[in-house]
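Q: Take a look at the following structure, please.
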Amino acid sequence: MIYPGLVSITFRQLTPAAVIELVAQTDLRGIEWGGDVHVPHGDVATAQRVRQQTLDAGLVVAAYGSYYRASHEESGPFEAVLESAVALGAPTIRVWAGRQGTESADEAYWQAVIEDSRRIADLAAASKVTIAYEFHNKTLTDTNSAARRLLERVNHPNIRSYWQPPRYSAVDENLAGIDAVAPWLSHIHVFQWHRVSGEREALAVGAADWQQYFSRIHQIEGDRYAMLEFVENDDKAAFIRDARTLQTWLAALV
């Protein structure tokens, strides 16, 4: 089942309470709380408060969107990230697969990311929390084949992967990306940017593409959230409009 949600960093300028109030105006079900502004790494009191606010609104904490980068301690200790995730009640922590793309990463760098990924996966598993990679450029998940290669080499039962359509990529390539990470697929980040200019558009503009993506994802076993990330002009009305579009698409899959 694919449930609709929001990535909180879509509205970094709002307080957690304001984000919840906005989501409550829609039929979205879950929120991925960001670890930069809304629920900072290691701030347990804030995590506990936001968790309760989310639950009181009848919503679900879908995930914790951390800014931890595997093998890079300068991104902060993972233990602080995990502490916040547990206090938040997040079942999944999103992390980044390093900070180098595959064109520049040598074997030593791959091995460092792999080893640290296994370390944090073990730590998270002890707290019954799952780790999932961001599917993103300038990391070791910057191509379909690289993402699958990393997941296969890490080979850890507590590691999964998000998916989102990379900028400039064609539909066939994106469908292949979904297939590449299908055995590990966690949540989906949903947005609509112009394929050439990168300007944000109404989600409905991408209906032909996104309906194909969701049709493919719907065939993959398991439950996951499809979460809006960024909207046209950072506008609240645009978010509500896109939320309705997303809900319509997902309802058609049932």
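The values are calculated or read from the model by the stated rules, or taken from the named source; none is laboratory data. Just so you know, these numbers come straight off a predicted model, no measurement behind them. FYI the Cβ positions are ideal-geometry reconstructions off the backbone, even for glycines, and counts take in every protein chain you see. Calculation scope for accessible area: heavy atoms of the full protein, side chains included, ligands and nucleic acids excluded. Shrake-Rupley method; radii C 1.70, N 1.55, O 1.52, S 1.80 Å.
Q: Looking for something of a type in the set (A, V, I, L, M), over 17 Å from the mean Cα position of the chain (by Cα) and farther than 17 Å from Gly30 by Cβ - is there at least one such residue anywhere in region 153-161?
A: Checked region 153-161: at least one residue is of a type in the set (A, V, I, L, M), over 17 Å from the mean Cα position of the chain (by Cα) and farther than 17 Å from Gly30 by Cβ.
Q: Exactly one of (1) free of Cβ contacts under 8 Å to residues at least 60 places away in the same chain; (2) touching a helix residue (DSSP H, G or I) at 6+ places or on another chain (Cβ under 6 Å); (3) not aromatic (Phe, Trp, Tyr) is unmet by Arg167. Its number?
A: If we test Arg167 against (1) free of Cβ contacts under 8 Å to residues at least 60 places away in the same chain; (2) touching a helix residue (DSSP H, G or I) at 6+ places or on another chain (Cβ under 6 Å); (3) not aromatic (Phe, Trp, Tyr), just (2) comes out false.
Q: Another question, if that's okay. Being among the hydrophobic types (A, V, I, L, M, F, W, C) and surrounded by 23 or more Cβ atoms within 10 Å (Cβ to Cβ) is the filter; apply it to region 33-51 and report the residue that is nearest to Ser84 (Cα to Cα).
A: Ala47
Q: Scanning for something within 15 Å of His72 (Cα to Cα), of a type in the set (Ser, Thr, Tyr) and within 20 Å of the chain's Cα centre (by Cα), does region 118-131 turn up at least one residue?
A: Within region 118-131, not a single residue is within 15 Å of His72 (Cα to Cα), of a type in the set (Ser, Thr, Tyr) and within 20 Å of the chain's Cα centre (by Cα).
The rows are residues; the columns are (1) modelled with pLDDT under 95; (2) not acidic (Asp, Glu).
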{"site": "Ser66", "(1), (2)": "no, yes"}
{"site": "Gly76", "(1), (2)": "yes, yes"}
{"site": "Thr92", "(1), (2)": "no, yes"}
{"site": "Gln100", "(1), (2)": "no, yes"}
{"site": "Glu115", "(1), (2)": "no, no"}
{"site": "Arg119", "(1), (2)": "no, yes"}
{"site": "Asp122", "(1), (2)": "no, no"}
{"site": "Thr130", "(1), (2)": "no, yes"}
{"site": "Ala147", "(1), (2)": "no, yes"}
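Q: Test of understanding: among Arg160, Arg148, Arg167, which residue is exposed (fewer than 15 other Cβ atoms within 10 Å of the Cβ) and among the basic types (Lys, Arg)?
A: The conditions single out Arg167.
Q: Oh, and also: Among the residues of region 184-202, which ones are more than 21 Å from Gln247 (Cβ to Cβ), of a type outside the set (Lys, Arg) and either in contact (Cβ under 8 Å) with a residue 12 or more places away in the chain or surrounded by 15 or more Cβ atoms within 10 Å (Cβ to Cβ) (or both)?
A: Trp184, Val196, Gly198
Q: May I pose another question? Looking only at region 162-182, which residues are within 24 Å of Ile93 (Cβ to Cβ) and at pLDDT below 95?
A: Within region 162-182, Pro166 is the sole residue that qualifies.
Q: Can I ask one more? Taking only region 212-228 into account, find how many residues are polar (S, T, N, Q) and out of contact with any Leu (no Cβ under 9 Å at 6 or more places or on another chain).
A: 1
Q: Quick one: in region 203-254, which of the residues that are exposed (fewer than 15 other Cβ atoms within 10 Å of the Cβ) and among the acidic types (Asp, Glu) is nearest to Trp184 (Cα to Cα)?
A: Across region 203-254, the extreme among qualifying residues is Glu221.
Q: Condition first: among the hydroxyl-bearing types (Ser, Thr, Tyr), over 19 Å from the mean Cα position of the chain (by Cα) and either open to solvent by less than 20 Å² (accessible area, probe 1.4 Å) or within 19 Å of Leu151 (Cβ to Cβ) (or both). Now tell me which residues in region 78-117 satisfy that.
A: Thr102, Tyr109
Q: To continue, here is another question. Looking at (1) hydroxyl-bearing (Ser, Thr, Tyr); (2) touching a strand residue (DSSP E or B) at 6+ places or on another chain (Cβ under 7 Å); (3) in contact (Cβ under 8 Å) with a residue 40 or more places away in the chain, find the lone condition where Thr102 falls short.
A: So Thr102 meets the others, but not (2).
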